[in-house]
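Worksheet for the structure shown next.
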Amino acid sequence: MERNHLPIGVFDSGVGGLTVAREIFRNLPNEKIIYYGDTARVPYGNKSADTIKRYSRQITRFLLSKNVKAIVIACNTASALALDAVREMTDIPVIGVVEPGARAAVSATSSGRIGIIGTSATITSGLYDRYIHEMMPSAQVFGKACPLFVHLVEEGMLDDSVTVEMIHRYLDDLIKTDNIDTLILGCTHYPLLRSVIAREIGGVFSGYAKELPDADSAGAADGSAASGAAAAEGAADGIAAAEGAGKITLVNPAYTTAMELSRVLKDYGLASETPVSFSDHQFYVSDGPDNFRAFASEILELTIDDVSLMLTDQL
Ligand code: DGL
């Protein structure tokens with residue numbers, strides 16, 4: 001098979017990486033993916049760097065055995081802790097979500113005061129800060145771990161009084177004390193809370209991102225391809241400039257990662273020019289294929305018919 005027609009490996013600690021996969025489906029309709037969700041070992045966000053690297057290497061071995069042409073680490077935690085470990089294993093392009101997210105935040109901020117929310121491991125790694133400071137040395141970066149958000153999303157509590165309470169507990173200091181103008185949603189699950197977060201903290205986000213289903217919207221999505229209008233709307237940068245004083249721009253790294261993937265595939269001469277259908281994608285999990293299918297369908301409105309079980313000791 002020509003290299004251009006090989007699949008892209010995408011992995012995450014579980015279901016959350018589907019928010020990244022979805023941006024790939026929408027924006028790169030000629031690319032097929034092989035997705036691995038490590039549902040047996042999620043969450044990664046409270047684990048040590050060594051463990052996250054070990055898990056990421058195992059999954060990478062599996063994806064490489066499937067002859068993928070590129071790998072997307074669709075997990076902020078694994079991107080923050082294991083990007084180099086994965087890159088050391090292969091010559092194919094490997095993209096994480098952190099660097100594209102940092103770049104989008106730098107282009108969005110006016111004041112240079114940028115907040116990042118993510119898992120404890122992502123925030124402790126300091127990788128978002130490092131990329132931001134490389135691109136914008138004068139930036140002031142404020143990180144906040146918001147571990148409960150993952151569980152609230154997985155419970156489907158997207159707009160719930162408990163979620164609203166946690167948004168204020170986690171974010172009020174970033175807004176009122178640190179005075180950020182830009183907030184990176186630095187965890188795969190957080191884009192699903194963006195409407196509630198935006199409402200509670202006075203945030204704005206791109207019209208493109210708003211099309212994804214979340215607490216406010218029930219946008220239909222078959223996961224197949226970007227509509228022309230949506231792609232054009234998102235084409236600017238995946239973020240929206242704040243429309244008024246005091247608004248916080250919410251950055252979704254999933255979108256900018258898909259854009260980065262598109263650029264890298266072109267640079268390496270690996271981009272496919274043949275449209276794929278949704279059934280060309282393959283999905284593997286390390287536990288609970290039915291739960292994965294249900295989350296994809298109920299929370300993300302993605303209909304995934306086939307999900308295969310691939311136990312971690314078989315990786
Ligand atoms: N996928 C993880 C991330 O983006 C969130 C879930 C976890 O802790 O594993 O950081």
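Taken together, the residues in the stretch 89-103 that are closer than 21 Å to LEU6 by Cβ and charged (D, E, K, R) amount to 1.
In this entry, GLU211 is excluded by the filter for residues that are surrounded by fewer than 17 Cβ atoms within 10 Å (Cβ to Cβ), at pLDDT below 90, of a type in the set (Asp, Glu) and within 29 Å of ARG103 (Cα to Cα). Against the definition (more than 15 Å from the ligand (Cβ to nearest atom), in a helix (DSSP H, G or I) and of a type outside the set (Asp, Glu)), how does ALA104 come out, yes or no? Against the criterion (more than 15 Å from the ligand (Cβ to nearest atom), in a helix (DSSP H, G or I) and of a type outside the set (Asp, Glu)), ALA104 qualifies. Residues of the stretch 20-55 that are open to solvent by less than 10 Å² (accessible area, probe 1.4 Å) and of a type in the set (Val, Ile, Thr): VAL20, ILE24, ILE33, ILE34, ILE52. Summed over the stretch 138-158, the residues that are of a type in the set (D, E, K, R) and either surrounded by 20 or more Cβ atoms within 10 Å (Cβ to Cβ) or without any contact (Cβ under 8 Å) to a residue 40 or more places away in the chain (or both) give a count of 2. Taking the stretch 297-315 as the range and being within 16 Å of LEU64 (Cα to Cα) and among the aliphatic types (A, V, I, L, M) as the test, the residues that pass are MET310, LEU315.
Sub-8 Å Cβ pairs linking a first residue in the stretch 265-276 that is within 17 Å of ILE95 (Cα to Cα) and touching a residue at least 60 places away in the same chain (Cβ under 8 Å) to a second residue that is loosely packed, with under 14 Cβ neighbours inside 10 Å and among the aliphatic types (A, V, I, L, M), at least 6 apart or interchain, number zero.
The values are calculated or read from the model by the stated rules, or taken from the named source; none is laboratory data. As the structure is a computational prediction, the values presented were derived from the model and not from experiment. Using ideal geometry, Cβ is built from the backbone for each residue, glycine included, and neighbour counts are taken over all protein chains shown. Accessible surface is based on the protein model in full, side chains and every heavy atom, while ligands, DNA and RNA are left aside. Shrake-Rupley method; radii C 1.70, N 1.55, O 1.52, S 1.80 Å.
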